[in-house]
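The values are calculated or read from the model by the stated rules, or taken from the named source; none is laboratory data. Predicted model only: the values in this text are computed from it and were never measured. Cβ placement follows ideal geometry from the backbone for every residue including glycine, while neighbour counts extend to all protein chains displayed. Remember, those area values only see protein heavy atoms, side chains included, never the ligands or the DNA or RNA. Shrake-Rupley method; radii C 1.70, N 1.55, O 1.52, S 1.80 Å.
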Amino acid sequence: MFFNFTFRHFLTNPRRLAFELENSTMRGFWKRVILVFIASMMLFSLRSLWGVNTESLTPLMTTMSTADYTLARYASLFGSMFWSLLYVAFHLFGVAYVLSFIIGIPFKKLLPMQLLMTSLLLIEKALVFLVFYMTGTATNVSFLSFGPLAATFLELPFSIFFFNQLTLTTAMIIGYQYTYIRTATDISKKGRLLFTLIAIHILMAIFTASIGLLPIESLFNSIVGGGAGHE
């Protein structure tokens, strides 16, 4: 028997996905993978064109020629598109591999689940971007996360970046992964599985927060700024 892999049928039903994978042959999965990669490139491109995460380019307007500034914006756009591919590849293949290695589930069995979870993350980013666009504002923290609350009480950038990774979507993903893995396997230690999933997401949040502390803005200015400003 065959079944078609679709987002609307399985995004809210992990048990059904696990059952279908166990008893039928899946069709249409790789088409959806390509669709998610294309959607991510479009979303990250729109964010870049609108100005999300391009704060480092603003000071260059006063120190660079129009042609140099335009080139810098194109470089930022292509960088966002490239980052979107890495983002999807990490959450689809990377996280599936980590879960497979730690929990002992076949890698291919986790890919359909992770494609749905990656899509959920993109939906979250699209929703945040839509709110930014409608309000004409943009911040480095998501209103769906603990980032705004952390920014109110904490001053350390790492703490703010860390709590910004802990969103409502993160909780939904942990719940989905927990239900799917329990249905697809015969794991008896439910508490250990839940603890493992939470620990993995916390470590991912720590890693992402650490990346956010890197002096990317200074590095970018040294590459594209390069002394061209005072000619």
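Of note:
- Residue in region 16-32 that is within 24 Å of Leu130 (Cβ to Cβ), modelled with pLDDT of 90 or more, within 20 Å of the chain's Cα centre (by Cα) and not small (Gly, Ala, Ser) present: yes
- Some residue of region 181-192 being assigned to a helix (DSSP H, G or I), in contact with a Pro (Cβ under 8 Å, 6 or more places away or on another chain) and under 25 Å from Asn23 (Cβ atoms): yes
- Only residues that are aromatic (Phe, Trp, Tyr), surrounded by fewer than 19 Cβ atoms within 10 Å (Cβ to Cβ) and either at positive phi or in contact (Cβ under 8 Å) with a residue 40 or more places away in the chain (or both) were counted across region 154-211, and they come to 1.
- Looking only at residues of region 102-136 that are open to solvent by 70 Å² or more (accessible area, probe 1.4 Å) and modelled with pLDDT under 85, we find that the one that is nearest to Ser84 (Cα to Cα) is Tyr133.
- Of the residues making up region 98-152, those that are basic (Lys, Arg) and more than 16 Å from the chain's Cα centre (by Cα) number 2.
- Cross-chain or 6+ apart pairs with Cβ under 6 Å, region 131-152 first and more than 19 Å from Leu168 (Cα to Cα), then of a type in the set (A, V, I, L, M, F, W, C) and open to solvent by less than 60 Å² (accessible area, probe 1.4 Å): Ala138/Val52; Ala138/Phe132
- Residues of region 1-31 satisfying the condition of being in contact with a Ser or Thr (Cβ under 8 Å, 6 or more places away or on another chain), surrounded by fewer than 17 Cβ atoms within 10 Å (Cβ to Cβ) and farther than 19 Å from Gln177 by Cα: Met1, Phe2, Gly28
- Check on Phe78, loosely packed, with under 14 Cβ neighbours inside 10 Å and at pLDDT below 90: yes
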